[in-house]
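Worksheet for the structure shown next.
Read-outs: derived from the displayed coordinates by stated rules, not from any lab. No experiment lies behind these values; they were computed from the predicted model shown. In this analysis, Cβ positions are derived from the backbone assuming ideal geometry, glycine residues included, and neighbour counts consider all displayed protein chains.
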Amino acid sequence: MKLDMKGSLKRNRAIWIFAGAALVVAILVGTFASPFASKSPDGLDHTAEAKGFAKKEAKDAWSYAPMKEYAYPGIKSKGVSTGLSGLIGVLITLAVAAVVGLLLYGLGRIWKKKDDESSGIPLSET
Amino acid sequence: MHIPDGFLDPKTYGTLWGVSGSTVAYALYKVKDTLTEKKIPLLGITAAFIFAAMMMNFPVAGGTSGHVVLGLLACLLLGPWEGLLTIVVVLAVQCFFFADGGLTALGANIFNMAIVAGLLSYALLKVMKKPLAKRLGEKAALLSSAAVFAWLGIVLASAACAIELSLSGTVPFHIAFPAMVGVHSLIGIGEGFITVVVLSVVLQTRPDLVNAYQGPALMPAGVAKEAQS
């Protein structure tokens, strides 16, 4: 049991190191590479323009997005504005996904506990 | 490929909200068995990385750009249901904070990018990988099928998008379909390339973090290299 704990801690530490390295890459890409992304319309937008249905685009049903078109408001330099919104987006996504993960993990544990309590005999044995 | 508000009519986006909503609900239920403690930081990091990667539009032919979705990659790294939820988180953040993709169309965008380009292409990959692994070995089978199905996932997602647009009466099918599938068969090459690059980097450094890898017992990269030489 003791050894198991130690091994698990070690493995998890390695995962945290890997996750940290991947986060650095994500932040670097989101912040410093994103201003250099192509500004051309993407596949759908280009099709919409070429085939004449771009005009059907309606006002945003959700109008509270703070960084529309990946631009941090109030910054003149487009590059800085895009980079800053990219950085914030990476951090928001990280936080939301981690919270979702934590909640689901917690719920899963509660659920499993209930299952263990309610079923005395494992079904697989019958 | 993010559909804005206005391109889809209520019956189409309503249906897709229903389909995507119930798929996400099922995924939330399914992950209770597979979401381990060590996957939590990986879930966050994968979502953050995919958000950054989706910002990187690359030019394709004729004044058009494209970006990766990496739905298949997320499923391969984390498992299908965790992968699906990862893309859903990214799409939701893009919609609510960046107005990238409309709120009415979020169900459709989840369907195209998380379900078709993620879950479906993962399911197809699983079928194809097994016989391939016997001939090529696990690692080569995984990488080669990832390239093929990452590309196919994007192409199928663009086909789904074209069908949704034509069902909504926005643009006739015979116009939308060739245009969307044509440009996305080029964008899909980028998707396949990035998927294989990231997958092989992770396989090289921490193969135990690739959920879909079912190869022989794994050694740390340094040890494995020593054993080979």
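Give me A:ARG109, A:ARG13 ranked fewest to most by other Cβ atoms within 10 Å of their Cβ, as a rough exposure proxy.
The order, fewest Cβ neighbours first, is A:ARG13, A:ARG109.
Once the Cα atoms of helix B:138-167 and of chain B are each reduced to a long axis, what angle between those two axes, in degrees from 0 to 90 to the nearest 10, is obtained?
Between helix and principal axis, roughly 10 degrees.
Let me have the relative contact order for chain B, percent, based on Cα pairs under 8 Å that are six or more residues apart.
Once normalised by length, the contact order is 24 percent.
Check each of the trypsin sites (Lys or Arg not before Pro) in the range B:77-184 and keep only those in coil by DSSP with at most 11 other C-beta atoms within 10 angstrom; list them in order.
Passing sites in the range B:77-184 do not exist.
Within a 10 angstrom radius of the beta carbon, how do A:LYS76, A:LYS68 rank from fewest other beta carbons to most?
A:LYS76, A:LYS68
Using only Cα atoms and rounding to the nearest 10 degrees, what angle (0 to 90) does helix B:80-98 make with the longest principal axis of chain B?
50
So how do B:PHE97, A:PHE18 line up by other beta-carbon neighbours within 10 Å, fewest first?
Ordered by Cβ neighbours within 10 Å, fewest first: A:PHE18, B:PHE97.
Given a Förster distance of 30 Å, report the FRET efficiency between B:LYS38 and B:VAL127 from their Cβ-Cβ distance, rounded to the nearest 0.05.
0.60
Within straight cross-link reach of B:LYS30, meaning Cα distance under 20 Å, which lysines are found once same-chain residues fewer than 8 apart are removed?
The reachable lysines, counting only those whose Cα sits under 20 Å from B:LYS30, are A:LYS112, A:LYS113, A:LYS114, B:LYS38, B:LYS39, B:LYS126.
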